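Take a look at the structure below.
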Amino acid sequence: MLPFLKKMRESRRPFCTALVAAAGSSSRMGGVNKLLEPLDGIPVLVRTLTSLQSSQRVDEIVVATREEDLVEISQLCRTYGISKCTKVIRGGDSRVHSVLLAALEASPEASLLAVQDGARPLATPELIDRVIAAARRCGAAAPAVPVKDTVKVVRDGGAVAQTLVRESLRAVQTPQVFEADLLKAALQSAVDKGTAVTDDCSAVEQLGKVVFLVEGDEANIKITTPIDLTLAEAILQARENGI
């Protein structure tokens, strides 16, 4: 009876495709591709893909990357057993364009799309599953953590214009998960209008839709500069030591 009930639950679970944004220029990494840099001996992007592979709610992975990295990333997926990765495609001229191209390559079965930064290698499968579950309920969800520092708005020249109320601020992470049709419409609108959006939530918000935030993970950092690799190494070691 229990296997039957499990099968019934799985049959009702929405098909989710993870779209991995991996076409950036790594401009702040001193001329190296941060996604291919080793993190405790394993490339950053592979760690990201491994978490998606281990997620119980991700059914498929589509990676959007630079043209010169297509072959190498495809090979890495084979080497590390990322069997959920069905396609590695060439990204676009911007992040929003890359994610749109990946979304258009997702399986027709996909009712949810989870957008993950290729440079967030420490997102746990549990976090990924939690955000997907939230998006299933509300249509659009993302993980976020409270902002620790005081944030100020500045004018040209560095003069402070405003100090924001820290208690109401959140730093948003990925994966950001949406109903498939909603995300495609939001990304297409942003591309058509040439709108500069810093994340996929912003594109959806510009359609007037509400995005709900769930508890994120402070360890879910994005690799942007060389010091982030050092920090990520320390986080991995702490996890291994049960800290």
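The values are calculated or read from the model by the stated rules, or taken from the named source; none is laboratory data. Keep in mind that this is a model prediction, so the values were computed, not measured. Cβ: placed from backbone, ideal geometry, glycine included. Neighbour counts: every protein chain shown.
Quick look at the numbers
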| item | result |
| --- | --- |
| Residue within region 48-55 that is touching a strand residue (DSSP E or B) at 6+ places or on another chain (Cβ under 6 Å), modelled with pLDDT of 95 or more and of a type in the set (A, V, I, L, M, F, W, C) present | yes |
| Selection status of residue 120, assigned to a loop (DSSP other than H, G, I, E, B), of a type in the set (Lys, Arg) and farther than 18 Å from residue 180 by Cα | yes |
| Selection count, region 14-29, where residues are in contact with a helix residue (DSSP H, G or I) (Cβ under 6 Å, 6 or more places away or on another chain) and among the hydrophobic types (A, V, I, L, M, F, W, C) | 6 |
| Residues within region 153-195 that are surrounded by fewer than 17 Cβ atoms within 10 Å (Cβ to Cβ) and under 25 Å from residue 123 (Cβ atoms), tallied | 6 |
| Given (1) within 22 Å of residue 15 (Cβ to Cβ); (2) part of a loop (DSSP other than H, G, I, E, B), number of the condition residue 177 does not satisfy | (2) |
| Within region 42-70, considering residues that are in a loop (DSSP other than H, G, I, E, B) and of a type outside the set (A, V, I, L, M, F, W, C), the one farthest from residue 129 (Cα to Cα) | 66 |
| Lone qualifier among 203, 180, 186 - being in contact (Cβ under 8 Å) with a residue 40 or more places away in the chain and out of contact with any strand residue (DSSP E or B) (no Cβ under 6 Å at 6 or more places or on another chain) | 203 |
| Among residues of region 149-160, those that are within 22 Å of residue 202 (Cα to Cα) and of a type in the set (Lys, Arg), counted | 1 |
| Given (1) surrounded by 13 or more Cβ atoms within 10 Å (Cβ to Cβ); (2) more than 26 Å from residue 50 (Cα to Cα), number of the condition residue 232 does not satisfy | (2) |
| Looking only at region 210-236, and only at residues there that are under 16 Å from residue 176 (Cα atoms) and hydrophobic (A, V, I, L, M, F, W, C), the one that is nearest to the chain's Cα centre (by Cα) | 221 |
| Selection status of residue 21, outside any strand (DSSP E or B) and at pLDDT 95 or above | no |
| Some residue of region 68-75 being closer than 22 Å to residue 219 by Cβ and either in contact (Cβ under 8 Å) with a residue 12 or more places away in the chain or among the aliphatic types (A, V, I, L, M) (or both) | no |
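Here's the yes/no breakdown for (1) over 18 Å from residue 222 (Cα atoms); (2) surrounded by fewer than 23 Cβ atoms within 10 Å (Cβ to Cβ); (3) touching a Gly at 6+ places or on another chain (Cβ under 8 Å); (4) of a type in the set (A, V, I, L, M):
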| residue | (1), (2), (3), (4) |
| --- | --- |
| 26 | no, yes, no, no |
| 30 | no, yes, no, no |
| 42 | no, yes, no, yes |
| 48 | no, no, yes, no |
| 53 | yes, yes, yes, no |
| 61 | yes, no, no, yes |
| 81 | yes, yes, no, no |
| 90 | yes, yes, no, no |
